[in-house]
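The block underneath contains the structure these notes are about, expressed in structure tokens.
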Amino acid sequence: MPLLAVYTELKKVEEIVGVYRDLASISLPTSAQVRSVDDQFLAVTTQWSQRDLEKSEKTNFTVNYILNAQDYSVLIKTPSQEVKNEIWKKESPSGKYHAVVTSWKNKKGEEKQFIEIWNSQGKIKNYDVCSQEKHGKVNNKDDTFGCLQWSNNEEKLLYTSERKLPKTKSFFGTTNGNDDKKEEKDIVLGKEHYTVEDWGEQLVKKSCSVICILDIKSGTIEVLDTPADLSCGQACWGPEDNTVVFTGWNNDPFRLGLKYCTQRQSAVYTYDLKTQKITSISDKTQSSRSPNISPDQSKLVYFDQPIGGAHKQCSRLKMYDFKTQTNQVILDIVHRPKDEVCNGIYEDVLMSRCWSHDSKQIILSTSYRSRTVLYCINVETKTVRQLNGGIKDGSSSIVDIYKDIIIISCTSPNTPQHLMVGKLLSNPGEEIKWHYLNQPEIDNNISFHLSSHQPTTDRKHSKYGYLDYETILVLPKTTDDKKPPLILFPHGGPHTTFDTLYMMYVAGFCKCGFAVLMVNYRGSLGFGQDSVESILGNIGDQDVKDCKAAADEIISKGLVDGQKVFMFGGSHGGFLTTHLIGQYPDFFQAGCCRNPVTNLTVMTGVTDIPDWVYVESGFDYNHSCLLNPSYSEEMWKRSPIRYVDQVKAPLLLMIGKDDLRVPPSQAKEYYRALKTRNIKTRLIEYEDNCHPIVKVDSEADAFVNIMLWYKEHS
Ligand SMILES: CSCC[C@H](NC(C)=O)C(=O)N[C@@H](C)C(=O)N[C@@H](CO)C(=O)O
């Protein structure tokens, strides 16, 4: 390479790395809790996360605020305090105590988990919860099953953990001298290689979760006697702490991946702590989750939806009355949005605090077309109203509510997530006045535009007719008349959505000079259940054409350079990337995808969610389904690999080596197919990454590689 070329290349790398460093240094809020100190003051504890590129890890820290209770102005803000080894922290109802679940490695390198109880003077109790050998590892906050709940009398803590498994050793092993007689009796021989099923991608080693109660005074642990065929989670205390309410997922006949999948068979149960009787309070023909009890303890709300079908869908909000022991629908599934207020609920779970103080209203946030919006739902009148958010055309989501003081997180593609505080007003006509907890840094070099797209006549759906869809165009500020090159970026799923959020990669692409078109093709969440269902049996066609048509429309408006179009997407977005470069070979300069689905015919045997392949290809699924030639033929027709002979655009493929959702074999097969056809391609493999490639160092490396790939092929 000539010297000048080497220099230019290095300069390019330096610039991209510089862009990424700046963006990675932004800290983002992860949670917050509000509490009233007295009539004059409010206390808000906030948790934040920031990438540390030097240490290749995320740094977590807290910041505490004291606010004036009248006008919400910030009176005191404490310096940031780094948090280490903390899995979970929960304040007691009176605010006197904190429970903290911590994880720590001892000198032998063994992981230990503790539940610590703190008051204002310091740590008052510390329990090595696993040493009692009543259960396995404690679930953490991000697990589907996780929970940590104080009893109302502050004497007990509810949490979930893995069920205790019998110890096993080889048929041929001798006992270790340290084993006492009792332990030896409990050891089963020759089962050490038996498979232990788990719940798949990002839930590895989560096999059967149980509910545990820690008595804070004595340190004794009670593991509730729940059936072995249920994985239990999302537990909370029932009225007067006499029952425990929880979600139970069926383990049988075998577990399918649960991450991004709310359609699995699950129900809401109560467990009577005196009689140990378990009762299902939800409709067992539906999939129910996320029970949440009202402050007056008279009722609870939860989500439900049909079992099976699309991996995420529109859900109902239901309510169970403890006195009458009856259920009612508060907000039903919205098939075809009719009004301007609500397109239905698409959330996995409710926030742990979501009730108004009078136990009459629920606050939740969910997708409404391409924005996350706030809803206030009156459970008595069953009326829904949208609450005003913090940014026009941006997104707002609830973080916490306590005695009607609400904390929200506000964002838009040019404004990183920041926290605001306001008061829920009794007059529904009045707008909430939001006050900043922290000031965001708005990037005025980035702008965004929402567009609605109508399918052309040839793309009308045979059952649902004309369903519209949306895109979010994120544009860099240009200093000359040159139009920016375009990155076409459809989301994965396919049943997820792009809301007008700040996304580090998108902001970074813009700062490197690219416009980004994020496509909420038909099938995305936030547009009604008909839209979700319209894509089943149509993948590889309807979604592909929606993306291409959206790009054409934006190019025709003259906002971007139509001669320089690049593809980008992960997972189902990678499926669309490989489809689009195959079906429209002259349209794209280059492409890049993370963990793409490329060949459906071989996916059923390797993914943790084989049902996805059947359902998205238009077939019904049950656990005994077997692939046959007619299914395979249809799956082949819908697979990107079918078009590989037509591909011209150089393609960068990235894989997380531990991905259980779309195993690396999918990208590898496509990579080999391109190589033998002399199409320029590169495969990058990230160790220790699963489906989302988000380990701090990998995410950073991937960004620079993507930008270099596009720049090289511009
Ligand atoms: C058999 S895998 C099908 C695609 C996959 N669907 C589900 C239900 O997991 C998918 O597209 N998943 C996305 C939600 C996804 O994981 N996308 C991300 C990763 O976080 C991405 O890289 O874009």
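The values are calculated or read from the model by the stated rules, or taken from the named source; none is laboratory data. Every value quoted in this text rests on a predicted model; they were computed, and no experiment measured them. Cβ coordinates were reconstructed from backbone atoms using ideal geometry, including for glycine residues, and neighbour counts include every protein chain displayed.
The figures follow:
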read-out: Hits in the range 638-697 (condition: away from the ligand (no atom under 16 Å from the Cβ), surrounded by fewer than 21 Cβ atoms within 10 Å (Cβ to Cβ) and of a type in the set (Gly, Ala, Ser)); value: 673
read-out: Verdict on residue 694 being under 22 Å from the mean Cα position of the chain (by Cα) and free of Cβ contacts under 8 Å to residues at least 24 places away in the same chain; value: yes
read-out: Residue check for residue 487: over 30 Å from residue 355 (Cα atoms), of a type in the set (A, V, I, L, M) and surrounded by 22 or more Cβ atoms within 10 Å (Cβ to Cβ); value: yes
read-out: Matching helices (runs of 4 or more DSSP H) fully within the range 516-605 where at least 2 residues are within 11 Å of the ligand (Cβ to nearest atom) and in contact (Cβ under 8 Å) with a residue 40 or more places away in the chain; value: 572-583
read-out: Test: residue in the range 592-607 that is touching a His at 6+ places or on another chain (Cβ under 7 Å) and within 25 Å of residue 485 (Cα to Cα); value: yes
read-out: Residue 164 vs. criteria over 34 Å from the mean Cα position of the chain (by Cα), surrounded by fewer than 17 Cβ atoms within 10 Å (Cβ to Cβ) and among the charged types (D, E, K, R); value: no
read-out: Qualifying residue in the range 72-80 (condition: under 30 Å from residue 296 (Cβ atoms) and not aliphatic (A, V, I, L, M)); value: yes
read-out: Looking only at the range 159-179, and only at residues there that are at pLDDT below 90 and polar (S, T, N, Q), the one that is nearest to residue 91 (Cα to Cα); value: 178
read-out: Residue selected from the range 384-419 under the condition among the hydroxyl-bearing types (Ser, Thr, Tyr) and either surrounded by 24 or more Cβ atoms within 10 Å (Cβ to Cβ) or under 18 Å from the mean Cα position of the chain (by Cα) (or both), by the criterion nearest to residue 431 (Cα to Cα); value: 396
read-out: The range 19-39, subset exposed (fewer than 14 other Cβ atoms within 10 Å of the Cβ) and either modelled with pLDDT of 95 or more or assigned to a strand (DSSP E or B) (or both), residue nearest to the chain's Cα centre (by Cα); value: 25
read-out: Selection count where residues are within 30 Å of residue 406 (Cα to Cα) and either small (Gly, Ala, Ser) or touching a Leu at 6+ places or on another chain (Cβ under 7 Å) (or both), scope the range 447-460; value: 3
read-out: Considering residues of the range 649-660 that are in a loop (DSSP other than H, G, I, E, B) and in contact with a Phe, Trp or Tyr (Cβ under 8 Å, 6 or more places away or on another chain) only, the residue farthest from residue 584 (Cα to Cα); value: 657
read-out: Residue satisfying all of: in the range 606-637; among the hydroxyl-bearing types (Ser, Thr, Tyr) and within 25 Å of the chain's Cα centre (by Cα); nearest to the ligand (Cβ to nearest atom) among these; value: 607
read-out: Subset tally (residues that are of a type in the set (A, V, I, L, M) and within 13 Å of the ligand (Cβ to nearest atom)) for the range 488-503; value: 1
read-out: Pairs with Cβ under 6 Å, 6+ apart, first in the range 309-336 and touching a residue at least 12 places away in the same chain (Cβ under 8 Å), second within 16 Å of the ligand (Cβ to nearest atom) and part of a strand (DSSP E or B); value: 313/305; 315/305
read-out: Answer residue from the range 375-403, given it is acidic (Asp, Glu) and at pLDDT 95 or above and is farthest from residue 294 (Cα to Cα) among those; value: 400
read-out: Of all residues making up the range 69-81, the number that are farther than 17 Å from residue 32 by Cβ and either in contact with a Gly (Cβ under 8 Å, 6 or more places away or on another chain) or assigned to a strand (DSSP E or B) (or both); value: 0
read-out: Flag if residue 632 is small (Gly, Ala, Ser), in contact with a helix residue (DSSP H, G or I) (Cβ under 7 Å, 6 or more places away or on another chain) and free of Cβ contacts under 8 Å to residues at least 60 places away in the same chain; value: yes
read-out: Qualifying residues in the range 1-14 (those that are under 30 Å from residue 416 (Cα atoms) and touching a helix residue (DSSP H, G or I) at 6+ places or on another chain (Cβ under 9 Å)) - the one modelled with the lowest pLDDT; value: 12
read-out: Only one of 482, 463, 433, 511 that is surrounded by 16 or more Cβ atoms within 10 Å (Cβ to Cβ) and more than 21 Å from the chain's Cα centre (by Cα); value: 511
read-out: Any hit, the range 373-383, residues being surrounded by fewer than 21 Cβ atoms within 10 Å (Cβ to Cβ) and within 27 Å of residue 49 (Cα to Cα); value: no
read-out: Cross-chain or 6+ apart pairs with Cβ under 9 Å, the range 481-506 first and of a type in the set (Gly, Ala, Ser), then more than 10 Å from the ligand (Cβ to nearest atom); value: 493/523; 493/524; 493/525
read-out: Selection count, the range 114-135, where residues are crowded, with 19+ Cβ neighbours inside 10 Å and either of a type outside the set (A, V, I, L, M) or touching a His at 6+ places or on another chain (Cβ under 9 Å) (or both); value: 6
read-out: For residue 458: the one exception among (1) farther than 20 Å from residue 497 by Cβ; (2) of a type outside the set (A, V, I, L, M); (3) out of contact with any Lys or Arg (no Cβ under 9 Å at 6 or more places or on another chain); value: (3)
read-out: Test for residue 628: is it surrounded by fewer than 18 Cβ atoms within 10 Å (Cβ to Cβ) and of a type in the set (S, T, N, Q); value: yes
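Quick grid of which residues meet (1) under 24 Å from residue 411 (Cα atoms); (2) surrounded by 12 or more Cβ atoms within 10 Å (Cβ to Cβ); (3) among the aliphatic types (A, V, I, L, M); (4) modelled with pLDDT under 95:
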site: 441; (1), (2), (3), (4): yes, no, no, yes
site: 445; (1), (2), (3), (4): yes, yes, no, no
site: 448; (1), (2), (3), (4): yes, yes, no, no
site: 475; (1), (2), (3), (4): yes, yes, yes, no
